[in-house]
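Participant: My questions will all concern the structure given below.
The values are calculated or read from the model by the stated rules, or taken from the named source; none is laboratory data. The model shown is predicted, which means the values in this text are computed figures rather than measured ones. Heads up, the Cβs are rebuilt from the backbone with ideal geometry, glycines too, and the neighbour counts pull from every protein chain shown. For accessibility, only protein heavy atoms count, side chains too; no ligands or nucleic acids. Shrake-Rupley method; radii C 1.70, N 1.55, O 1.52, S 1.80 Å.
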Amino acid sequence: MISFELTPQQKQVRDLVHWFAESEMRPISLQADAEHRVPDEWLVKVNRMGISLSTPGSQAHTHESKNGGSKTETLEQREQKKQSNRLSVIAAEEVGWGDPAIALTLPGPGLGGPPILASGTAEQKQRFLSIFTPDEPRWGAYGLTEPGAGSDVAGIRTTARKVDGGYLLNGQKIFITNGQRASWVVVFATIHPEMGRAGHRAFVVEKGTPGFSSPRIAQKMGMRASETAELFFEDCFVPDENLLGGEEAYQARQNGLSGFRVAMATFDTTRPVVAAMAVGIARAAYEYTLDFVRREYPKNGKSYTMACAQLANMRQEIDAARLLTWEAAWMGDLSMPNAKEAAVCKAVAGKMALEICAGCLNLMGPIGLDGHLVEKLYRDVKVYDIFEGTSQIQHLIVARRLYEQVGLRI
Amino acid sequence: MISFRPTAEENRLLQTARDFAREQIRPQARLAEELRQVPQPLLHQASDLGFFLLELPEWMDGLEFPLTTQVQVLEELAYGDLGILQGFPGTADASSFFRLLSENPQIKNSQCSASGCGFGFLDAVSWTSEWGQSLRLERVAHGYELNGHSQPIRLAHQVAGIIACFRDEDGEWLVLLLHQSETPWTVLAGDIRLGLLAAGCGRISFDAVWVPEHAVLARGEEAQLLVEQALSRIYIRQAAAEVGLAKAALDYTVEYTAQRQAFGQPIAQFQGVSFLVADMEMEQRAVHHLVWRAAAATDLGQENAFQYALEAILRSHRAVSFVTNHAVQLLGGHGFVQEYPVEKWMRDAQAQVMLYGCESQFLNQLGERTVSGQNYNRSTLTVK
């Protein structure tokens, strides 16, 4: 049945995460931006509280992933049983509202979680996902982008040469969130560039592996509290047991599993989460500005009327983007193909959030330059139209899916 | 539970609507436009399938479907042709008033059956009353006297009854049920060429006619609430129809641009084309969900249902204009000529947007309530 009501569990998650965002993230938001880092003691504290950035991959050990998906299950049963994608977008909106840069710094597997959950062996899931415990904050990371290959995943040039007992990795990755502090990074490489997508492999490279370094942290326009690293691989030996899914999986499914497919499947899961964070950022800017207009604007005249109309329009845009993220997540929960819907919500939310932050700054006028949260949100939000695939890539994906229906490959 | 899944029963109904829209409505769209009304055989078929009864209450022998079901059906029907859908009497806006009113002998005993000639809806209290019309309602002995011309309304040429919303000279809100036999009117010979030509749009003219006291269905605050709640339902249903039209234009554009060759390849291979098509898809999906959410909130009687309805109609107006305009654009010269359907869809979309409220009106309504924090639905009041 068509419904947009949250279940008691979903409401509980939303309220709990919102409480955390409001009471723990917001108070350090501007300070973390100024210092380009999230305080270590704060990370230790929240890790002890069991808070992490929730992606569907984070639920690796939950009841639903162990028991979900029998063939005789009806859609209705499945949509009630498996909710990790919907819970993730609900939570992501709230942490995005709290502070998007701090959100990406929360301990946990991050974007590295979904590929391990989707493609890793049971042993790999246990080994890499069980390290996230309350005793000490730890991070996972996801290494795909290279200087010459961002959205064009098929163009990656980091190589993986087969040697006795493993692979030697050589190459460079850029723009890797938490890349320096991560305990491990899911790294995509090619066993032969001429093999194209079929040659792609995904590895888990552990921190401290000889030949693996992350020497530089990027200085950015926004998201300054979030660590963005460059990774270098110089004859970096990665053992066979760190090939995601194992060698057998690649050999048994020559036309199926490839590093490329792992990367693409990851996007279908993570794009709705990124979109939900963008919705949260937009909502934060909108709510801040709504309060500003209520307090500061004279309550009559053209300026007030126009501000009211603009704010109303913003709310509608936020609502529309949120519903698109919910749809993509809902499809993910039902294991329905959702590449188009994931791309739609990412493109719409990324663009919308930037426009709303800009619109809010315009409503605030010059005073918005001086110490107001929205200015920071504006700098932060631009990357939501870029990472996890630029808006242009999302358009390409949407268009491809539309034209596939009429038999045209574009 | 967040779910975008129609029920099994809805799916069966939607399949019927889908087949009817594609096999019966779409092929007769041009004919209906030429005739300036829906062909009678098609009307009978639609009536037999129950499509006129979706919103009507059971006490009027209607189906009284929830809005979440209705919006899905209306999307399907409008996919066939919005002009024909707007010419169906039972889908007229007055049915939302009947839905909200409890059993009323005046209506039940009227000459207009639920699925027959239907009722029109004349709104002389919202933004449309501010210009372009000259209606005056004045109190006289045992009733009111009505004078002047209305704005164009749907089905003006077909209906024998009208639900009309007014404010009298004292500013009191009134909802009236007018029967032509009792309160005679004429339809002005207009010159409507833009779109929705099968919907029988025209201006109603009253010449010092008497409106009896018993024609008043609601007055004062009760009337105001009735109008707001009915408009909310009307906006959602009309927004759903716009989603259906947008989907039709999008699908047609995808097919056309996949086949049309330029510079040795399908024009869809050019990103200037395919990216615009992707934007059309995104816009169509965004409004689709807003409409569904507004319908679901209304079915549940939620406090913010009217806000959601305003958001849905605001966005659907933009979406249907955007998508149909770009459908014509991407077909190029072919889009402009009547051998292809998209020029009609663009005209219909514009006429639809003009009939159902303007952007600034919706934004102002939403904006005032957003900033003041006013509730969207005065749920403590009930319509008798």
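Participant: Hey, what angle do you get for helix B:67-80 against the long axis of chain B, alpha-carbon based, 0 to 90 degrees rounded to 10?
Facilitator: 50
Participant: From the Cα trace of chain B, what convex hull volume per residue do you get, rounded to a whole Å³?
Facilitator: 146
Participant: Still on this structure: Quote the accessible area belonging to B:GLU359 in square angstrom, nearest 10, computed with a 1.4 Å probe and with ligands, DNA and RNA left uncounted.
Facilitator: Answer for B:GLU359: close to 90 Å² accessible.
Participant: Based only on the alpha carbon positions, what is the Kirkwood hydrodynamic radius of the stretch B:189-230, in angstrom?
Facilitator: 13.8
Participant: Ordering B:SER95, B:SER134 by accessible area with a probe of 1.4 Å, largest first, what comes out?
Facilitator: Heavy-atom accessible area, descending, gives B:SER134, B:SER95.
Participant: Specify, per residue and in Å³, the volume enclosed by the convex hull of the alpha carbon atoms belonging to the stretch B:107-263.
Facilitator: Cα convex hull per residue, to the nearest whole number: 149 Å³.
Participant: Ok, one more. What aspartates and glutamates does A:LYS11 reach when the alpha-carbon gap must be under 15 Å and sequence neighbours fewer than 8 apart in one chain are set aside?
Facilitator: By straight Cα distance, A:LYS11 reaches A:GLU93, A:GLU94.
Participant: Where in the stretch A:124-167 are there trypsin sites (Lys or Arg not before Pro) that are in a DSSP coil and have at most 15 other Cβ atoms within 10 angstrom of their Cβ?
Facilitator: Counting only loop positions with at most 15 other Cβ atoms within 10 Å, the trypsin sites (Lys or Arg not before Pro) in the stretch A:124-167 are A:ARG157.
Participant: Please report the spacing between the Cα centers of the stretch A:145-196 and the stretch B:35-78 in Å, no decimals.
Facilitator: Between the Cα centres of the stretch A:145-196 and the stretch B:35-78 lies a distance of 58 Å.
Participant: Per the Cauchy relation, a quarter of the hull surface: what is the mean projected area of the convex hull of the alpha carbons in the stretch B:264-384, in nm²?
Facilitator: Projected over every direction and averaged, the Cα hull of the stretch B:264-384 covers 10.3 nm².
Participant: Let me ask something additional. Taking the dipole about the Cα centre of the stretch B:222-372, with the C-beta of Lys and Arg at +1 and of Asp and Glu at -1, give me whichever of B:VAL227, B:GLN338, B:ALA262 is farthest to the positive side.
Facilitator: B:ALA262
Participant: If I compute solvent accessible area with a 1.4 Å probe over the protein chains, what percent of it on the stretch B:261-384 is carbon and sulfur?
Facilitator: 54
Participant: At q = 0.12 Å⁻¹, what is the base-10 log of I(q)/I(0) for the stretch A:85-228 according to the Debye formula with one equal point scatterer per Cα and no solvent? Please give it to two decimals.
Facilitator: So the normalised log intensities work out to -0.53.
Participant: Then there's this: Take the protein assembly as shown, drop everything but the C-alpha atoms, weight them equally and run the Debye formula without solvent; then report log10 I(q)/I(0) at 0.05, 0.10, 0.11 Å⁻¹ to two decimals.
Facilitator: At q = 0.05, 0.10, 0.11 Å⁻¹ the computed log10 ratios are -0.30, -1.06, -1.22.
Participant: Please list, by residue number, every one of the chymotrypsin sites (Phe, Trp or Tyr not before Pro) in the stretch B:37-94 that is coil in DSSP and has at most 16 other beta-carbon atoms within 10 Å.
Facilitator: none
Participant: If you don't mind, there's one more thing I want to ask. Rolling a 1.4 angstrom probe over the protein heavy atoms, how many square angstrom per residue are accessible across the protein assembly as shown?
Facilitator: 39
Participant: I would also like to ask the following. So the label point goes 7 Å from the Cα of B:ALA262 along Cα→C-beta, right? Which residues of the stretch B:331-349 then have their backbone N under 12 Å from it?
Facilitator: Flagged as within label range: B:331-335.
Participant: Further question on the same structure: At a 1.4 Å probe radius, which order do B:LEU290, B:LEU330 fall into by accessible area, largest first?
Facilitator: B:LEU330, B:LEU290
Participant: Next question. Chains A and B: what accessible area do they bury, summed, in square angstrom to the nearest 100, with a 1.4 Å probe?
Facilitator: When A and B are taken together, about 4500 Å² of accessible area is lost.
Participant: What percentage of all Cα-Cα pairs in the stretch B:122-169 are separated by more than 12 Å?
Facilitator: Tail fraction, whole percent: 66.
Participant: Could I ask something else about it? Let's see if you can work this out: charge +1 on each Lys and Arg Cβ, -1 on each Asp and Glu Cβ, no other charges. What is the dipole magnitude of the protein assembly as shown about its Cα centre, in debye to the nearest 20?
Facilitator: 1520
Participant: If the cut-off is a Cα-Cα distance under 16 Å, which lysines reach B:LYS108, setting aside same-chain residues fewer than 8 apart in sequence?
Facilitator: List returned: B:LYS384.
Participant: Roll a 1.4 Å probe over the protein heavy atoms and report the accessible area of B:ARG293 in Å², nearest 10.
Facilitator: Probe radius 1.4 Å; accessible area of B:ARG293 about 20 Å².
Participant: Right, next: Can you give me the P(r) profile for the stretch B:8-100? Cα pairs, bins 10 angstrom wide beginning at 0, each as a whole percent.
Facilitator: Here the calculated profile for the stretch B:8-100 is 17, 51, 28, 3.
Participant: Where a Cα-Cα gap under 30 Å defines reach, which lysines qualify for A:LYS162, not counting those fewer than 8 residues away within the same chain?
Facilitator: A:LYS125, A:LYS173, A:LYS207
Participant: Given a cut-off of 41 Å, what percent of all Cα-Cα pairs of chain A lie beyond it?
Facilitator: Cα-Cα pairs of chain A separated by over 41 Å account for 14 percent.
Participant: Moving to a separate point now. So, how do all the Cα-to-Cα distances of the stretch A:151-296 break down into 10 Å bins, in percent, from 0 on up?
Facilitator: 11, 33, 30, 14, 7, 4, 1
Participant: Which one of A:SER303, A:PRO100, B:LEU77 is farthest out on the positive end of the charge dipole of the protein assembly as shown, using unit charges on Cβ (Lys, Arg +1; Asp, Glu -1) and the Cα centre as origin?
Facilitator: The listed residue farthest towards the positive side: A:PRO100.
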